[in-house]
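One structure below.
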Amino acid sequence: MGILFARSLALLALLCLLLPCHGKLSTKFYAKSCPGVATIVRSAMAQAVAKEPRMGASIIRLFFHDCFVNVGRIYYPGCDASILLDDTPTFTGEKNAGANANSVRGYEVIDAIKTQVEAACKGIVSCADIVALASRDAVNLLGGPTWNVQLGRKDSRTASQSAANANLPGPGSSAASLVSAFAAKGLSARDMTALSGAHTVGRARCLFFRGRIYTEPNINATFAAARQQTCPQSGGDGNLAPFDDQTPDAFDNAYFRNLMARRGLLHSDQELFNGGPTDAQVRKYSGNAGMFATDFAKAMVKMGGLMPAAGTPEEVRLNCLKVN
């Protein structure tokens, strides 16, 4: 019996080398190996957000765009920092995917945090966990909730632009397609509605909301006219406008009140309150900031638990931009 048990353990160890074994995430994962990691990340994020409040929204978006790519497919999984990888001769990464190019930002903030973490605990903390911690701190520093971040992720050794193009919901998405896209990741319509509330902070490029402000009927006329001032019918694609023009850098529930007033910036925003299945939840969040904050935190933990498929090549990167 002892010999068989020993052989079983040896076989399991070999399999974990060949097909990485995903341990259960834990809030105490680095309690002994790198106990100061959360403090390092928080301090760096506080500096980044103080310098530019918009950076908080950018880091939240970076986390979402990392987690959402091809969960369940080998090589192109969830919250694994694949979005941070630069292109190589063997793969075209996610940075220049349609939803990311000239849009996702904050890479340099994550790189700076990684440098500090490596100086304190070399080769211990994954880039994926740094992004997860940074996004939590971004929300909280902008006035939103906080939560205990589950840790223990590993970093992907590859990335896929085509996977990002196929998996990230676009600004023209319908309510039905949003519900379906999130459901494919194990996230409910309520999770999706809460996570969409991250658009209470941040900016969008004119390119992504031009169609809405010039052609859609379910929009507040005064709001549309204001947005048209900086987003012409042609040109100015990169001109920015806040998702929430009431409190653009405060993480609150104003986003949902805006939707009820037909002041959603993107088509996909207003779809959440347009006679569909998420209308009731939008009404609840618009009148109950505490409910939104609680649900958002729960949904972020849930999304942060999206794990790579078994067999995905993983490691703890020393440099977030490239594999070891």
Inset, instruction - With an 8 Å cut-off on Cα pairs and a minimum separation of 6 or more residues, tell me the relative contact order of the chain in percent. - result: 26
Legend entry - J(HN,Hα) series, the range 204-214, from Karplus relation 6.51 cos²θ - 1.76 cosθ + 1.60, nearest Hz, glycine and proline x: 10, 7, 3, 3, 8, 10, 4, x, 5, 6, 10
Legend entry - HN-Hα J in Hz across the range 26-36 - Karplus 6.51, -1.76, 1.60, θ = phi - 60°, x for Gly and Pro: 8, 6, 10, 4, 9, 4, 9, 7, 7, x, x
Inset, instruction - With 19 Å as the limit, write out which pairs from LYS32/LYS154; LYS114/LYS154; LYS24/LYS302; LYS28/LYS302; LYS51/LYS95 have Cα-Cα distances beyond it, or answer none. - result: LYS51/LYS95
Inset, instruction - Using the Kirkwood radius over Cα pairs, work out the Stokes-Einstein diffusion coefficient for the chain at 4 °C and 1.567 mPa s, in µm²/s as a whole number. - result: 63
Inset, instruction - At 7 Å along the Cα-to-beta-carbon direction for both LYS122 and ALA261, put a label point, then send me their distance in nm to one decimal. - result: 5.5
Legend entry - Cβ charges +1 (Lys, Arg) and -1 (Asp, Glu), total dipole of the chain, debye: 480
Legend entry - Estimated FRET transfer efficiency (GLU315, LEU207; beta-carbon r; R0 35 Å; 0.05): 0.45
Legend entry - Alpha-carbon centroids, the range 38-60 and the range 188-247: separation in whole Å: 24
Legend entry - In sequence order, calculated HN-Hα J values of the range 38-48 (Karplus, 6.51, -1.76, 1.60; Hz; x Gly/Pro): 4, 5, 4, 5, 4, 4, 5, 5, 4, 5, 5
Legend entry - Neighbour net charge for ARG227 - beta-carbon separation under 13 angstrom, K R +1, D E -1: +2
Inset, instruction - Could you size up the charge dipole of the range 175-301 around its Cα centre, putting +1 on the beta carbon of Lys and Arg and -1 on that of Asp and Glu, and report it in debye to the nearest 20? - result: 100
Inset, instruction - Please say if the range 175-301 is rounded, prolate or oblate, where rounded means a/c under 1.5 for a ≥ b ≥ c the square roots of the C-alpha gyration tensor eigenvalues, and otherwise the choice is prolate for a/b larger than b/c and oblate otherwise? - result: prolate
Legend entry - Angle between the chain longest axis and helix 54-67 axis [Cα atoms, degrees, rounded to 10]: 60
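Bear in mind that the values in this text are calculations on the coordinates, not laboratory data. Worth saying up front: this structure is predicted, and the values here are computed from it rather than measured. FYI the Cβ positions are ideal-geometry reconstructions off the backbone, even for glycines, and counts take in every protein chain you see.
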